[in-house]
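Here the structure is laid out as structure tokens; the discussion comes afterwards.
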Amino acid sequence: MLVMIKGAGDIASGIAMRLWRAGIRVVMTDLPRPSSIRRTVCFSEAVYRGETMIEEVRARRAENAADALRLLEENILPVIVDPKAESAKELHPEVIVDAILAKENLGTAITDAPGVVGVGPGFTAGEDCHAVVETMRGHTLGRVIWSGGAIPNTGVPGDIGGYTAERVMHSPCGGVFHALRQIGDTVEAGETVATVGGEPLYAKITGTLRGILPEGFEVPREHFKSADVDPRCRLFHCFTVSDKALSVGGGVLEAVLMLTSAVGTARKPERRGEDYGK
């Protein structure tokens, strides 16, 4: 079985880990300049570095579909620079997973593959995809939805260590990003961790820097997500896939297996996503 995952950020990478470890072949696609901040747990880093490794799973940048198939034969996860996932026309994946997490559908259609899974809000199961997987932290995180959509985006980051919006840093303006601290560093509240177009980017809380944009990244606008501080201060968290990513990945694995199994497909529940809160 071959599954294509659109996006290679931290949630998409958690999904890839779940599928890969279950013996499913995975190909990922991303932008020429990915904006992932949790770069130590993002397969998108292969775009910048040529190769990266997360928890003993090795990924490498593939130049095209043929190169991706060759890497799969070597047990290496391919990441193709392919913003529109055009390589799907050559690879013919059984399932396409849209894990871009744009909070809206940027072009995925239910006809793109025999099975199509949307991750997070912006998709409607039965219309633009076959299944949706919930990404909101809480009781329904990772649940597969077969009719309707995920909980709408609130704009507020999930609670970690008692902090929500305070743990995420957004750019003061657009411009070239210059990192002053690195992932894994302990930072203090009020400390300048980077500059954007010459303007300082301050940490709001004390903790471990677990995410930051790559050096030299061209930040497109003001209030662009640029860094993340973990108040729990555990270095281990910076270099391992998060609980959220693994939970969402488990939901996608369930959806993939059900979509590719006649028996599983017959057992799909029909409840809408919003019904789970009642």
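When each pair of different Cα atoms in the chain is counted once in the 1/r mean, what is the Kirkwood radius in angstroms, to one decimal? Kindly include the intermediate steps, with their values, before the conclusion.
Values: mean 1/r = 0.0524 Å⁻¹.
Kirkwood hydrodynamic radius for the chain: 19.1 Å.
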Most to least packed among 166-178, 184-196 [average Cβ atoms within 10 Å]: 166-178, 184-196
Fraction of antiparallel bridges per DSSP, the chain only, in percent to nearest 5: 50
Rounded to 5, the percent of DSSP beta bridges in region 1-134 classed as antiparallel: 15
Nearest-10 value in Å² for the accessible area of K103, using the 1.4 Å probe: 100
Karplus-derived HN-Hα couplings along region 91-100 (A = 6.51, B = -1.76, C = 1.60, θ = phi - 60°), whole Hz, x at Gly and Pro: 7, 6, x, 5, 9, 10, 10, 8, 10, 5
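Please work out the Cα convex hull volume for region 200-240 and give it in Å³ per residue. Before the final figure, lay out the partial values.
On the way: hull volume 3.5 nm³, N = 41.
Hull volume normalised by residue count: 86 Å³.
Over region 128-258, what is the mean sequence separation of C-alpha contacts under 8 Å (at least six apart), divided by residue count, expressed as relative contact order in percent? Spell out each step's value before the answer.
Numbers: 264 pairs, mean separation 35.2, N = 131.
Rounded, it is 27 percent for region 128-258.
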For the chain: lysine pairs under 17 Å (alpha-carbon distance), excluding those fewer than 8 apart on one chain: 7
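Based on the mean of other beta carbon atoms within 10 Å per residue, what is the order of 57-69, 109-121, most packed first?
Numbers: 57-69: 18.7, 109-121: 20.9.
By packing density, highest mean first, the sequence is 109-121, 57-69.
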For region 204-265, diffusion coefficient by Stokes-Einstein and Kirkwood Rh (Cα), 10 °C, 1.306 mPa s, µm²/s: 107
Amide H contacts under 5 Å for G148, placed H, 5+ residues apart: A125
Long-range HN-HN contacts of R61 with modeled amide H, under 5 Å: G50, E51, V79
Rounded FRET efficiency, nearest 0.05, which uses the C-beta distance separating E188 from A102 and R0 of 30 Å: 0.35
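Tell me, what is a quarter of the convex hull surface for the C-alpha atoms of region 146-196, in nm² with one decimal? The partial results should precede the final answer.
Working: hull surface 24.4 nm².
About 6.1 nm², averaged over all directions.
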P(r), alpha carbons of region 75-139 - 10 Å bins starting at zero, rounded %: 21, 50, 25, 4
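Report, as a whole number in µm² per second, the diffusion coefficient that Stokes-Einstein gives for region 57-204 at 20 °C and 1.002 mPa s using the Kirkwood radius over alpha carbon pairs. Provide the component values of the computation, followed by the final result.
On the way: Rh = 18.4 Å.
The Stokes-Einstein estimate is 116 µm²/s.
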Region 29-131: equivalent-ellipsoid semi-axes (sqrt of 5 x gyration tensor eigenvalues, Cα, Å): 24, 17, 12
Amide hydrogen neighbours beyond the local backbone of Y163, cut-off 5 Å, H modeled: none
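Local charge sum around R61 (other residues, Cβ-Cβ under 14 Å, Lys/Arg +1, Asp/Glu -1)? The partial results should precede the final answer.
Working: positive: R33, R49, R58, R60, R70; negative: D30, E45, E51, E63, D67, E74, D82.
Here the count lands on -2.
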Residue-wise HN-Hα coupling along region 122-139, computed from phi with Karplus coefficients 6.51, -1.76, 1.60 (Hz; x: Gly, Pro): x, 10, 10, 4, x, 10, 9, 7, 8, 8, 10, 10, 5, 10, 6, 4, x, 4
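The values are calculated or read from the model by the stated rules, or taken from the named source; none is laboratory data. These numbers come from a predicted model, not from an experiment. FYI the Cβ positions are ideal-geometry reconstructions off the backbone, even for glycines, and counts take in every protein chain you see. Remember, those area values only see protein heavy atoms, side chains included, never the ligands or the DNA or RNA. Shrake-Rupley method; radii C 1.70, N 1.55, O 1.52, S 1.80 Å.
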